[in-house]
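Have a look at the structure below, then the notes.
The values are calculated or read from the model by the stated rules, or taken from the named source; none is laboratory data. Because the structure is a prediction, the values reported are computed rather than measured. Counting neighbours? That spans all protein chains shown, and the Cβs are built from the backbone with ideal geometry, glycine included.
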Amino acid sequence: MGTWLLFPPSIYELVFGTKIRVSGDKMRRNESCMIIANHRTRLDWMFLWSVTGRARWSALMKIILRGDLKHVPGFGWAMQFGGFYFLSRKWASDEQYLTDKIRYFTTATEPHKLLIFPEGTDFDTKTKARSDRYADKEGLQRLEYVLHPRTTGFIHCVQELRKGTVPALYDMTLGYPKTLPRRGEMDILTGTFPEEIHVHVKRYEMSDIPTEKSQVDSWLREVWYGKEKRLEKFYQEGKFPEEDQTKPYFPSSADNFRIPIFTIWNFGLFLIFYLVVVSPVTRSYLLFSNVTLFVLSCLGYIEDIDRKFEKLETQTDGVTPS
């Protein structure tokens, strides 16, 4: 799964020349954590893979996404196999779903990373107008560079994560000083990628975040007001104040993943394409496997497959031979 998350960064960095600029607190590899970020474009989650890949977080990365994405052929199925979280945006059902997922997350032996976009959607003209109406209704200040966060899911995640061994929360602020992808997936198809992606990292101890729901709500809003000020200055200067080109955030060796990942995945895709063209058996196999995966996805058998196997193994281990 980790190598798949590194393939898109290898493309837009090597082929389209996108530069990654990271500043702020250091990302600790061997700790479980929650990650929050502003949602400036529909592709922020993919652009963050350039950062998490260099920090060697990719293999254990989980992202909270819209529920409809899990049924996207190929891409959505892979995310289900990877244990990503898919929300219906109906809190009555999402609350228990999140509780179950996070309880499993907090008991995992490996240091998992959970990424959530508290704004719930990407920033555009319509969502900003909706955010402004919410601000006016609640007596909050209007924001120009971020949307007002939706705090219910965030509060629930924080409270559940406290019950396990998750020591930290990372707040990541994304900025795009030049080209800004505005069409989401269409930008991937047309090769429209930003020339630069800037990410500022702020680490918080989970124990320093308030415990009461109302206080957690206020804490997140203060973080977002700080993010608003930071981005206002960023778009005036074209960089975050902490950036120092003479002292790179990651060592140069952190870039070494790009060429091997790019080569291996492209060779694999070329081989599959070749076999599809020349081999009826391959075409039949791909048709059968894709139909099977589509059905299994619709029936809910792919999501949480790792947990299903773990439960099966536990039950099997508990059976006493007669």
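Being out of contact with any helix residue (DSSP H, G or I) (no Cβ under 7 Å at 6 or more places or on another chain), of a type outside the set (S, T, N, Q), assigned to a helix (DSSP H, G or I) and surrounded by fewer than 15 Cβ atoms within 10 Å (Cβ to Cβ) is true for just one of K101, K178, K126. Which residue is that?
K126
Considering each of E303, E310 in turn, give the residue that is among the acidic types (D, E), closer than 24 Å to W4 by Cβ and either modelled with pLDDT of 95 or more or not in a helix (DSSP H, G or I) (or both).
Unique residue meeting the criteria: E303.
Would you pick out the residues in segment 55-81 that are under 24 Å from T109 (Cβ atoms), modelled with pLDDT under 80 and crowded, with 19+ Cβ neighbours inside 10 Å?
Across segment 55-81, the qualifying residues are M79, Q80.
Can you find a residue that is closer than 12 Å to L65 by Cβ and aliphatic (A, V, I, L, M) anywhere in segment 91-112?
no
Considering each of F273, F294 in turn, give the residue that is within 21 Å of F7 (Cα to Cα) and either of a type in the set (S, T, Y) or not in a loop (DSSP other than H, G, I, E, B) (or both). I'd like the intermediate steps shown before the answer.
Working: F294 fails: within 21 Å of F7 (Cα to Cα).
Within the list F273, F294, the selection yields F273.
For segment 139-162, which positions are farther than 26 Å from R42 by Cα, outside any helix (DSSP H, G or I) and touching a residue at least 40 places away in the same chain (Cβ under 8 Å)?
Residue satisfying the conditions is R162 alone.
Among the listed residues T165, T192, T211, which satisfies the condition of being of a type in the set (V, I, T), free of Cβ contacts under 8 Å to residues at least 40 places away in the same chain and assigned to a loop (DSSP other than H, G, I, E, B)?
One residue alone meets the criteria, T192.
Could you check segment 20-37 and list, in sequence order, the residues that are small (G, A, S) and surrounded by fewer than 20 Cβ atoms within 10 Å (Cβ to Cβ)? Give the steps one after another, and end with the answer.
Kept after step one, since they are small (G, A, S), are these residues of segment 20-37: 23-24, 32, 37.
S23, G24 - these are the residues of segment 20-37 that are small (G, A, S) and surrounded by fewer than 20 Cβ atoms within 10 Å (Cβ to Cβ).
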